[in-house]
Amino acid sequence: EPISEVCKKYYSSIGAYTFKGGLSCQCDVTGSVSKLCTDFGGNCQCKPNVVGRRCDRCAPGTYGFGPEGCKVCDCNSIGGLDNFCNVTTGQCKCSPNTYGRECDQCRTGFWNFPNCQRCDCHGHADICDSRTGNCINCRENTEGHTCDRCIDGYYGDPRIGVDIPCRPC
């Protein structure tokens with residue numbers, strides 16, 4: 001807050017006496033706009049989302065301290081546990097079965113973000129399309145949206161998963 005003119009001379013003299021003279025600004029060249037700081041308190045002028053008297057770290061909820069300042073975490077409001085991320089990588093803390101830097105996708109083997117549910121491929125595929133749930137690369141001679149049919153030339157019921165569900169005709 002502003003200091004009155006009367007107090008300024010005392011403030012300066014007390015500070016000089018306490019610290020045995022003035023202190024250098026010590027503004028971080030990466031995080032500050034310039035090498036100059038305020039006369040009282042020595043605060044440097046920081047780049048966007050950078051904080052600290054010396055402008056030497058990212059503000060909470062931001063990451064990637066660099067020449068442009070820091071970037072906002074922008075964690076997904078549904079997939080992320082909160083809006084704080086790793087200050088170096090920007091990785092948000094994700095809810096179960098979600099992933100991505102912003103926690104905005106379903107984990108491998110799940111689909112239907114934000115209600116990520118396990119792929120239902122009856123044990124004949126490991127992954128499915130993250131949007132449609134369509135099983136990818138059905139095995140054991142199966143095909144279909146959920147690997148629920150035998151391919152041509154085979155018979156059985158691949159949904160039961162007992163013994164050999166699809167046998168040659």
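Just a few scattered comments:
- The value obtained for the stretch 76-166, namely the Cα convex hull volume divided by the number of residues, is 87 Å³ per residue.
- Calculated mean residue ellipticity, 222 nm, the chain: -2500 deg cm²/dmol, from DSSP H runs (n ≥ 4) at -39500 (n - 2.57) each, averaged per residue and rounded to 500.
- Extension reserve of the VAL6-ASN112 stretch, reckoned as 0.36 nm per residue once the Cα distance is removed: 31.5 nm
- Loop-resident chymotrypsin sites (Phe, Trp or Tyr not before Pro) (DSSP state other than H, G, I, E or B) in the stretch 53-86 with no more than 11 further Cβ atoms inside 10 Å of their Cβ are absent.
- A dipole drawn for the stretch 31-158 from +1 and -1 charges on Cβ atoms has a positive end, and of CYS46, GLY66, ASN115 the residue lying farthest that way is CYS46.
- Number of Lys-Lys pairs in the chain with C-alpha atoms under 17 Å apart and a separation of 8 or more places or on different chains: 4.
- Think of it this way: in the chain, CYS7, CYS169 stand alone, with no other Cys Cβ under 4.7 Å.
- Gaussian network model of the chain, Cα within-10 Å springs - most flexible of SER24, SER34, SER130: SER24
- Mean separation of Cα contacts under 8 Å, 6 or more apart, over the residue count of the stretch 85-166: relative contact order %: 16
- Accessible area (Å², per residue) of the chain, counting only protein heavy atoms and a probe of 1.4 Å: 66
- Folded to 0 to 90 degrees: helix 5-18 orientation relative to the chain principal axis, Cα: 80
- Relative contact order for the chain, counting Cα pairs under 8 Å that sit 6 or more residues apart, in percent: 9
- Remark: the chain projects, on average over all directions, an area of 14.9 nm² (convex hull of Cα atoms).
- The chain - charge dipole about Cα centre, Lys and Arg +1 at Cβ, Asp and Glu -1, debye rounded to 20: 940
- Taking 0.36 nm per residue of separation and subtracting the current Cα-Cα distance, fully stretching the chain between ASN83 and ILE151 would add 19.8 nm.
- Heavy-atom accessible surface of the stretch 84-164: percent carbon and sulfur, 1.4 Å: 47
- Taking amide H positions as modeled 1.01 Å from N, with prolines and chain starts lacking one, the residues under 5 Å from GLN105 and 5 or more places away or on another chain are TYR99.
The values are calculated or read from the model by the stated rules, or taken from the named source; none is laboratory data. Just so it is clear, the model here is predicted, and its values are computed rather than measured. Glycine gets a Cβ as well: all are built from the backbone with ideal geometry, and neighbour counts include every protein chain shown. All accessible areas refer to the heavy atoms of the entire protein, side chains included, with ligands and DNA or RNA removed. Shrake-Rupley method; radii C 1.70, N 1.55, O 1.52, S 1.80 Å.
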